[in-house]
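> My questions will all concern the structure given below.
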Amino acid sequence: MKEKAFEKWVFGLFLLVSSLFVSCNQAEETKEFTIGFSQCTEGDAWRKAMHKEMLREASFHPEFDLQIKDARNSNAEQVKHIREFIDQKVDLLIVSPNEAEPITPVVEEAFEKGIPVILVDRKISSSSYSAYVGADNFQIGKLAGEYIANLLNGKGKIIEVWGLKGTSAAVERHRGFQEATKNFQDIQVVAEVEGEWEKEVAKKRFPAVFQKQPQIDLVFAHNDVMALGAYESLQGHPAQQQLKFTGFDGLAGPNGGLQFIEDGILDATFLYPTGGEEIMQSAYNILHNRPYQKENILNTTVIDGRNVHIMKQQANKILSQEENINRQQHKINEQIKIYNNQRMLLYILIGSLTGVVVLGAYALYSLRLRHETNRALMAKNREILEQRNEIAEMAKKAEKANEAKLKFFTNVSHEFRTPLTLILGPVEDALQSNIPMGLKKDMLLVRQNAMRLLKLVNQLMDFRKVERKKMRLQASESDLVRFVEEVAQSFERLARKRHIQLKVISRLREINVYFDKDKVDKVLFNLLSNSFKFTRENGKVTILLELSEDRNHVLVTVEDTGKGMTPAQVANAFDRFYTAEDNTSLGTGLGLALSKEFIKLHHGEISVVSKEREGTRFTFSLPLGKEHLKEEEIVLETPKAEQNAPLVAGVLDADLELFNGQSAPENASVVKEHTILVIEDNKELREFLSSRLMADFNVVEAPQGNYGLQQAFDLVPDLIICDVTLPQKNGLEITAALKTDVRTSHIPVILLTAKDSLEYKIDGIQAGADLYVTKPFSYLYLLERVKGLIRNRELLKVYYNSAIAVDTKVHTSQPKQLDKKFINEVAALVEQNLQNPDLSANDIAAGLGMSRVHVYRKMKALLGYSLNDYIVNSRLKKARHLLLNSQMNISEIAYEVGFSSPAYFSTAFKNHFNMSPSDFKASKPGKEKKTV
Ligand code: FRU
């Protein structure tokens, strides 16, 4: 808003500056006053001189616009011009009338219309004018008369050459002359020539008049040019030189009276000033409302041979001054032009400067505004950022809290698994034995509920996985029809029992789909459980398999004729947080929500249609093909390891049957070769494991981590079973400690945990665990794995032995790094000290920086025999090598490999290789072969 106002202001300022600028330039061109000048003629030098003066004078007044119209001695023309000036509404009218009478009315008209009128040189027959500028023609005529009377000494004949008869100048001059000569009887004007002010007219008309009056003495002409005309008309006539000629005007310059006098043409002229300057002065006064005189009579004088020189000089001076003035005027004009240009430039500069200042101010203003806006924006940003951080913080906290809740929830669920293992194990035991019918029923009830609880726990844990996006699809291609039929089969007994018709309908005999068997099994199991739960006796449960219309999906529908769902239940069927009032109607509510997640993982959809008291239809779709699946989501078959997690009845049954077969676990007479350390904080589970493992192994128990670790170091057992979640030190830490200690690094470790997630397994394996078993587990499965690991260890022993038997280096990647190092170090120490007959296990243990007991146990565990046996074996193997590949004799070899006497060597060699060294050497069996 502010910016808009400022923009308007700037725009306004610009307009103002530019209008000022324009108006300054316009003032330059606007003339304030228009002056119309109606000139009777401008064909003669006198009037030309007048114009020159007027224009010069006008140039001093730039406000004057002087417009001159030439009537060419025509009254009609002049009247027309004056009227035009009137119409033009000139500010002032100057008239130099041709003749007085014809011009008078129009001048009066102008004057009456308020236009100031200045008469010049000649007058009109009225006083309706503002001012008159010119000499007094009567006086000048009189002056001429007096001069001529004097020149002719009071006697003489004269021809008078008249100006235009109707003009006041001619009339007045004539009157003045008459007045001056009336007293001189002998001065006579004998003839008149109508010269009409024009030289040529006078020249033409004069000769005829002269011929009639040749006895004249003087030609009295009303102006200098007519006198010249008369003179020239007498060219070649003696009278030309004898006669005297006078004129009026006395103009300077080559065609003026002064020159005619100097040239001897005229005898005298009477100065009649043009008055241009005075005319403009009067105009100035009138137009500027200054005081002015109506009658402005110009001075006159006589010019003849006596003063012509001075007059000419003065005139020349005036002329040169005028020229000077003109030049200066010209210069001034140029200066004015320059000044105007500069002024213009200045205006432009001022304008630009103003523009720059204004724009600068605007820029500053904008900058400030922007700055303010930026500041405000930054503050807003900060605020938003703070809010965002706050929200993020809150979200984090909420997430943490949620996470903590879920964690707690999951941990609690985990906790259920151990007791469930312990409940189900004995229950299954009891069910397999001969127990009274009543108790069996109870036991079945216990098993059923324990299984239900287990299922719930599993579902909760699956949810946790879904929540943490840890649930991964492990799809493999299988025939879905067969799979569905198999799942349906497990409900057949129930269907029969409750007289419910269970059907699997599929038009296609086989539909191969990529799906995660475990997850689809759970979905189907859940949907069928629901259907059976809400379908009464004699009802129907149908599973329909078909392809979608576009044949891109397979649709599986589980339909029942059960009690149906309310619209609200339908709307929230898959919402895990929805608790219907009648919350029994949808089971725990978890199964359907989880089913939805599982189907979503398959990129499929699940929906429900239900009507109360009519039934419910769940349909889920699975896409065909495998393009929708990620590479890591496709497996060849569901991995075996995964199968150990769910504790399904069948597996448990098998386990228990086996348990039953091994009825006497504690058989004292059996010598047990291997020792197993069980580190488990749960007393029941620890005791359960101990009691069963005792059948085959020596079992040592440890209820917590540190103690367990200590036991491991002290006893160096053959295998360790360790729970992951333990007080003090967890299973992962214990495993890591065991596997990084040379004393225990060879011991296989089985980690037990309820945490059935890949990460935990990876963590466990990274810590060095040999196996990861998730609770609840099948004991038989565990037992088999224990046996397998011990068997592997035995095989490893054979491997080590055979490897060492040949050369002392171990080239295998199978044994653990630390064990390899241990064996290499033992081998190197023995090799280095082989010559020493006193070399003992103590020396080697000291060399290894381990206790003798640990070295002994480790040797036993890895190689199956003692260090001393190993030393003797090494001596013998080296001896065998020397016997084959050296020139040494038997005694030398005996000492070389550290036997105290050749006899002892021979006995030992014979015991080991079943032949004496000498026989061996004699038989020369060739190159030694690698024993595997
Ligand atoms: C010029 C002129 C002058 C004379 C004046 C009288 O046209 O003839 O020679 O003095 O007019 O009006």
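> Identify the residue in segment 709-754 that is acidic (Asp, Glu) and in a helix (DSSP H, G or I) and, among all such residues, is farthest from THR410 (Cα to Cα).
Within segment 709-754, the match that is farthest from THR410 (Cα to Cα) is ASP714.
> Where in segment 446-535 are there strands (runs of 3 or more DSSP E), lying wholly inside it, with at least 3 residues that are crowded, with 20+ Cβ neighbours inside 10 Å and assigned by TED's automatic domain parsing to the domain that holds GLU559?
By residue number, 512-515.
> Checking ALA144 against (1) modelled with pLDDT of 95 or more; (2) more than 15 Å from the ligand (Cβ to nearest atom), which test does it fail?
(2)
> Another question, then. Considering (1) open to solvent by 40 Å² or more (accessible area, probe 1.4 Å); (2) not in a helix (DSSP H, G or I), say which one LEU884 fails and leave the rest.
Condition not satisfied by LEU884: (2).
> Within segment 917-930, take every residue that is open to solvent by less than 50 Å² (accessible area, probe 1.4 Å) and modelled with pLDDT under 85 and give me the one that is farthest from ASP869 (Cα to Cα).
The extreme case among them is GLY926.
> Does segment 431-438 contain any residue that is in contact with a strand residue (DSSP E or B) (Cβ under 9 Å, 6 or more places away or on another chain) and open to solvent by less than 50 Å² (accessible area, probe 1.4 Å)?
no
> In this structure, is TYR129 open to solvent by 10 Å² or more (accessible area, probe 1.4 Å), more than 13 Å from the ligand (Cβ to nearest atom), within 29 Å of GLY114 (Cα to Cα) and touching a strand residue (DSSP E or B) at 6+ places or on another chain (Cβ under 7 Å)?
yes
> Which ones in segment 213-231 are open to solvent by less than 50 Å² (accessible area, probe 1.4 Å) and more than 16 Å from the ligand (Cβ to nearest atom)?
ILE216, LEU218
> Considering only segment 324-339, I want to know if a residue exists there that is among the hydrophobic types (A, V, I, L, M, F, W, C), closer than 27 Å to LEU66 by Cβ, modelled with pLDDT under 85 and over 60 Å from the mean Cα position of the chain (by Cα).
Looking through segment 324-339, at least one residue is among the hydrophobic types (A, V, I, L, M, F, W, C), closer than 27 Å to LEU66 by Cβ, modelled with pLDDT under 85 and over 60 Å from the mean Cα position of the chain (by Cα).
> Can I ask one more? Among the residues of segment 377-422, which ones are among the basic types (Lys, Arg) and under 25 Å from the mean Cα position of the chain (by Cα)?
LYS380, ARG382, ARG388
> Please work out which residue is nearest to the ligand (Cβ to nearest atom), limiting yourself to segment 172-189 and to residues that are aliphatic (A, V, I, L, M) and open to solvent by less than 40 Å² (accessible area, probe 1.4 Å).
Across segment 172-189, the extreme among qualifying residues is ALA180.
> Shifting gears a bit: For VAL308, state whether it is within 16 Å of the ligand (Cβ to nearest atom), in contact with a helix residue (DSSP H, G or I) (Cβ under 6 Å, 6 or more places away or on another chain) and not hydroxyl-bearing (Ser, Thr, Tyr).
no
> Follow-up. Where residues in segment 243-281 are within 17 Å of VAL302 (Cα to Cα) and part of a helix (DSSP H, G or I), which of them is most open to solvent (accessible area, probe 1.4 Å)?
Out of the qualifying residues, it is GLU262.
> Now for a separate question. Which number in (1) in contact with an Asp or Glu (Cβ under 9 Å, 6 or more places away or on another chain); (2) at pLDDT below 50; (3) open to solvent by 60 Å² or more (accessible area, probe 1.4 Å) marks the one condition that ASN667 misses?
All conditions are met except number (1).
> Being open to solvent by less than 80 Å² (accessible area, probe 1.4 Å), out of contact with any Asp or Glu (no Cβ under 9 Å at 6 or more places or on another chain) and at pLDDT 50 or above is the requirement here; does GLY625 meet it?
When the stated conditions are applied, GLY625 passes them.
> Here is a further query. So, GLU192, is that one more than 15 Å from the ligand (Cβ to nearest atom), outside any helix (DSSP H, G or I) and at negative phi or not?
Yes, satisfied.
> Then there's this: Taking the condition modelled with pLDDT under 95 and surrounded by 14 or more Cβ atoms within 10 Å (Cβ to Cβ), does ALA27 pass?
So ALA27 does not fit the description; no.
> Only one residue in ALA169, ALA208 is assigned to a helix (DSSP H, G or I), more than 16 Å from the ligand (Cβ to nearest atom) and either open to solvent by less than 60 Å² (accessible area, probe 1.4 Å) or free of Cβ contacts under 8 Å to residues at least 40 places away in the same chain (or both). Which one?
Only one candidate passes the filter, namely ALA208.
The values are calculated or read from the model by the stated rules, or taken from the named source; none is laboratory data. Values in this document were obtained by computation on a predicted structure and should not be read as measured data. FYI the Cβ positions are ideal-geometry reconstructions off the backbone, even for glycines, and counts take in every protein chain you see. Note: accessible area is taken over every heavy atom of the protein model, side chains too, but ligands, DNA and RNA are not part of it. Shrake-Rupley method; radii C 1.70, N 1.55, O 1.52, S 1.80 Å.
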